[in-house]
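Structure first, then comments.
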Amino acid sequence: MDECLQDVIRCDLCETPVPPKHCEPCHLHLCEACVENHLSDQFKDHYIVPFKQRGSIPKCLYHSTNICIILCKDCNVPICKICSSFGEHVQHKKEDILKATAEKKELIRKDLRELEKFIYPRYQEAAKSIPVQRADVNKRSQNLTTALDKQGKAIHTEIYTIIQGMKSEIDDMDAQHIAAIDQHEVAINKTSTKIIKVILDLKRLLDTSDVCLVSEYTSRTEAFRSFPAQFQVTSLPTFTPQEINRADSATDWFSVRTSHHIPSKNAL
Ligand SMILES: [Zn+2]
Ligand SMILES: [Zn+2]
Ligand SMILES: [Zn+2]
Ligand SMILES: [Zn+2]
């Protein structure tokens, strides 16, 4: 019980327990009531800090008896009273170290809050959306490929149909032409047979001495002079293969165009 009481920290001047202040240069625990009293001793430099911050004020490297109660704002270093009044820091902006520390802590809290609440979450969101973006690109290119394949098949079918149509037109036309040539052949053969018969008749007449038969002869050659109308080919189908122009036709068939900007490797 006695040890417990001894462990309680007390004001070094009036023994009040749990003193809230501390004079750094004097190494004294002080209660609120004694602070003013202590400061009235003007033979010494005092510097009162909250009890929690006791021992946190650094000693001056150049003036070992002094503590750095001032922050040089231009150099961002703690300095002592002597350093503040002489030398390089004289013209610099300065502030009480406790006040400056409190301000810095506030700035740190503000930065921490902003980083935790706003900045970091945005990076997390961005990181989360990366796989989604990647999947989107894959899906889009898959869709395009599928659409291209489909269009390619449709074009193949269309071309096949057109070629088949043209072929059957050619077949029809050829069939008509062959039929006409067949007719012509029949007519020529028929007339040829008649002509052979007439030639034989005429030869026989020349050989005969029968005056009556010769007298009865009338010329039938006129009938053979008009040659049977030959089949006239008026419109034979023609076909001139066109050179396939890759730049025009292919892109007209495939109206899939890329609209986004991917830096071209062939920009030269
Ligand atoms: Zn006291
Ligand atoms: Zn003091
Ligand atoms: Zn100093
Ligand atoms: Zn300075």
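A few notes on this one:
- Cβ-Cβ FRET estimate between ILE181 and THR161, R0 fixed at 45 Å, reported to 0.05: 0.90
- Partners of LYS190 within straight-line reach, counting lysines whose Cα lies under 24 Å from its Cα and excluding those fewer than 8 residues away in the same chain: LYS203.
- Charge dipole of the chain (Cα centre as origin; +1 on each Lys and Arg Cβ, -1 on each Asp and Glu Cβ, all else neutral): 260 debye, rounded to the nearest 20.
- Taking the Cα centre of the range 1-56 as origin and assigning +1 to Lys and Arg Cβ atoms and -1 to Asp and Glu Cβ atoms, the resulting dipole is close to 220 debye.
- Contact order relative to length of the chain, as percent, for alpha carbon pairs under 8 angstrom and 6 or more apart: 8 percent
- Of all lysines in the structure, the ones whose alpha carbon falls short of 17 Å from that of LYS128, not counting any fewer than 8 places away in one chain, are LYS117.
- Computed FRET value (nearest 0.05) for ALA33 with ASP7, which takes r as the C-beta separation and R₀ as 22 Å: 0.45
- Other-chain or far-sequence residues with amide H under 5 Å of VAL77's (modelled H): CYS72
- The lysines within cross-link reach of LYS150, meaning a Cα-to-Cα straight distance under 25 Å and a gap of 8 or more places when in the same chain, are LYS139.
- The chymotrypsin sites (Phe, Trp or Tyr not before Pro) of the range 1-85 that DSSP puts in a loop, and whose beta carbon has at most 16 other beta carbons within 10 Å, are PHE43, TYR62.
- For the pair LYS194 and GLU88, label points projected 7 Å from Cα toward Cβ lie 13.5 nm apart.
- Loop-located trypsin sites (Lys or Arg not before Pro) in the range 1-67 (DSSP state other than H, G, I, E, B) with a sparse environment of at most 16 neighbouring Cβ atoms within 10 Å: LYS44, ARG54.
- Charge-dipole axis of the chain as Lys and Arg at +1 and Asp and Glu at -1 on Cβ define it, positive-most pick from SER129, ILE155, THR16: THR16
- From the Kirkwood radius over Cα pairs of the chain, Stokes-Einstein at 4 °C and 1.567 mPa s returns a whole-number translational diffusion coefficient of 39 µm²/s.
- The amide H of ASN66, built 1.01 Å from its N in the peptide plane, has CYS60 as neighbours under 5 Å, considering only residues 5 or more places off or on other chains.
Throughout, read-outs are computed from the coordinates displayed, never taken from laboratory work. The structure displayed is predicted, hence computed values, not measured ones. Heads up, the Cβs are rebuilt from the backbone with ideal geometry, glycines too, and the neighbour counts pull from every protein chain shown.
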